[in-house]
Amino acid sequence: AQKVTQAQTEISVVEKEDVTLDCVYETRDTTYYLFWYKQPPSGELVFLIRRNSFDEQNEISGRYSWNFQKSTSSFNFTITASQVVDSAVYFCALSEVPGRRALTFGSGTRLQVQP
Amino acid sequence: GAVVSQHPSWVICKSGTSVKIECRSLDFQATTMFWYRQFPKQSLMLMATSNEGSKATYEQGVEKDKFLINHASLTLSTLTVTSAHPEDSSFYICSAREEGAYEQYFGPGTRLTVT
């Protein structure tokens, strides 16, 4: 069975601080995808990144960066110089490949960025 | 990019009535659609997987007679909550995937309130 754990329920930072959101996963599959989504108060999920299990390269996109470490089954997400607009709930998710590819979501981390 | 719509975006209904939620893929053919449910301040939980032209596969604990899913065309899946109760109040989100594609695209969600 697949499982995604986001141990941080809520994080509060002051604007311009860096913040890292942790994600640890469990799966028996050798091939899988990992995702991060942002859910603002409106509720709509915003796709941030998808990472294939074979690709352990870290990725940077603007102020966002992701650290994928297969050895520790972690896929952490860092926001550099946080902004108030980053306030949202962030979900880490996992899907099997191949297969029906439904997503298993973590419990989410609520990020509050104070001005 | 691929767009998935949901209708209605929010609905209030009385206990005991039924309500239908539509999920449409606007610019691609979705052979598979997923329905998720999200209770307040909780994660998204998969309810069922529907493949066009066949019966939906429900997750353990989800009553198939209560949550009727129909995926009659490659662009439309519907979720009908029958005999709704206040505990069915939730945020329902669908996602859609093309055959052979890795990406799945999420709809904006439908907030159901049962009074």
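With respect to B:PHE67, determine if the residue is of a type in the set (Phe, Trp, Tyr), at negative phi, modelled with pLDDT under 95 and surrounded by 15 or more Cβ atoms within 10 Å (Cβ to Cβ). The answer is no for B:PHE67.
Among the residues examined, B:SER54 does not qualify as surrounded by 18 or more Cβ atoms within 10 Å (Cβ to Cβ), over 26 Å from A:LYS3 (Cα atoms) and of a type in the set (S, T, N, Q). Of the residues in the range A:75-88, at least one is part of a strand (DSSP E or B), within 14 Å of another protein chain (Cβ to nearest Cβ), touching a residue at least 40 places away in the same chain (Cβ under 8 Å) and surrounded by 14 or more Cβ atoms within 10 Å (Cβ to Cβ). For the range B:36-76, filtering for residues that are over 30 Å from A:THR109 (Cα atoms) and either within 12 Å of chain A (Cβ to nearest Cβ) or not β-branched (Val, Ile, Thr) (or both) leaves 16. Quick check, is A:TRP66 touching a residue at least 12 places away in the same chain (Cβ under 8 Å) and within 14 Å of chain B (Cβ to nearest Cβ)? Judged against the criteria, A:TRP66 is not a match. Which ones in the range A:96-115 are surrounded by 18 or more Cβ atoms within 10 Å (Cβ to Cβ), more than 8 Å from chain B (Cβ to nearest Cβ) and either free of Cβ contacts under 8 Å to residues at least 24 places away in the same chain or among the polar types (S, T, N, Q) (or both)? Answer for the range A:96-115, where residues must be surrounded by 18 or more Cβ atoms within 10 Å (Cβ to Cβ), more than 8 Å from chain B (Cβ to nearest Cβ) and either free of Cβ contacts under 8 Å to residues at least 24 places away in the same chain or among the polar types (S, T, N, Q) (or both): just A:THR109. Across the range A:46-87, the number of residues qualifying as on the phi > 0 side of the Ramachandran plot and under 15 Å from the mean Cα position of the chain (by Cα) comes to 1.
To keep it simple, each residue is scored yes or no on (1) among the aliphatic types (A, V, I, L, M); (2) out of contact with any helix residue (DSSP H, G or I) (no Cβ under 7 Å at 6 or more places or on another chain); (3) more than 18 Å from A:GLY108 (Cα to Cα); (4) within 14 Å of chain B (Cβ to nearest Cβ).
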| site | (1), (2), (3), (4) |
| --- | --- |
| A:ALA1 | yes, yes, yes, yes |
| A:GLN8 | no, yes, no, yes |
| A:VAL19 | yes, yes, no, no |
| A:THR30 | no, yes, yes, no |
| A:LYS38 | no, yes, no, yes |
| A:GLU44 | no, yes, no, yes |
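The values are calculated or read from the model by the stated rules, or taken from the named source; none is laboratory data. Computed from a predicted structure; not experimentally measured. Positions of Cβ are backbone-derived with ideal geometry, glycine not excepted, and every protein chain shown enters the neighbour counts.
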